[in-house]
Amino acid sequence: QVQLVESGGGLVQAGGSLRLSCAASGIIFGVNVMGWYRQVPGKQRELVTTITTGGSTNYADSVKGRFTISRDNAKNTVYLQMNSPKPEDTAVYYCNAEVLVSFRGTMRDYWGQGTQVTVSS
């Protein structure tokens with residue numbers, strides 16, 4: 001079984017900074033794309049950013065230039081550096097990973113439990 005464990009959420013002032021981490025553990029043969037999504041009550045979960053094993057990144061327009069995703073492949077860990085957050089970035093942030101779970105090439109999608117990020121004005 002694979003688990004994604006997030007850390008680093010909390011309360012931050014607008015214009016400050018916050019760093020989220022997400023570590024994948026368990027029986028892992030490899031990790032493909034990793035990413036961060038967020039959700040506010042009453043709305044669908046939305047993409048924030050993703051990163052491939054090779055380091056190619058994709059960002060939602062709303063966070064471009066402020067948030068940076070990175071990963072440590074040796075540790076199966078992905079990070080989200082949130083700079084200059086805004087009150088509208090307040091949400092539960094979820095980590096996502098596509099994990100290779102067998103030597104036969106079976107890929108499965110996993111989610112973290114979510115971590116609350118609150119940005120005060």
**OP:** State yes or no: is residue 78 within 20 Å of residue 42 (Cβ to Cβ) and among the β-branched types (Val, Ile, Thr)?
**Re:** no
Original post:
Out of (1) on the phi < 0 side of the Ramachandran plot; (2) crowded, with 20+ Cβ neighbours inside 10 Å, what's the single condition that is false for residue 76?
Top reply: (1)
**OP:** Of the conditions (1) modelled with pLDDT of 95 or more; (2) open to solvent by 60 Å² or more (accessible area, probe 1.4 Å), residue 90 clears all except one; give me its number.
**Re:** (2)
Original post:
From the residues in the range 27-48 that are in a strand (DSSP E or B) and without any contact (Cβ under 8 Å) to a residue 40 or more places away in the chain, which one is farthest from the chain's Cα centre (by Cα)?
Top reply: 46
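Residue-by-condition table, conditions (1) surrounded by 14 or more Cβ atoms within 10 Å (Cβ to Cβ); (2) over 14 Å from residue 109 (Cα atoms):
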residue	(1), (2)
18	yes, yes
22	yes, yes
35	yes, no
39	yes, yes
44	no, yes
51	yes, yes
55	no, yes
Subject >> Residues of the range 1-16 satisfying the condition of being in a strand (DSSP E or B) and surrounded by 14 or more Cβ atoms within 10 Å (Cβ to Cβ) >> reply: 2, 4, 5, 6, 12
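The values are calculated or read from the model by the stated rules, or taken from the named source; none is laboratory data. All figures in this text were calculated on a predicted structure; none of them were measured in a lab. All Cβ positions, glycine included, derive from the backbone under ideal geometry; neighbour counts span all protein chains shown. For the accessible areas, the whole protein counts, side chains as well, though only heavy atoms, and no ligand, DNA or RNA atoms are used. Shrake-Rupley method; radii C 1.70, N 1.55, O 1.52, S 1.80 Å.
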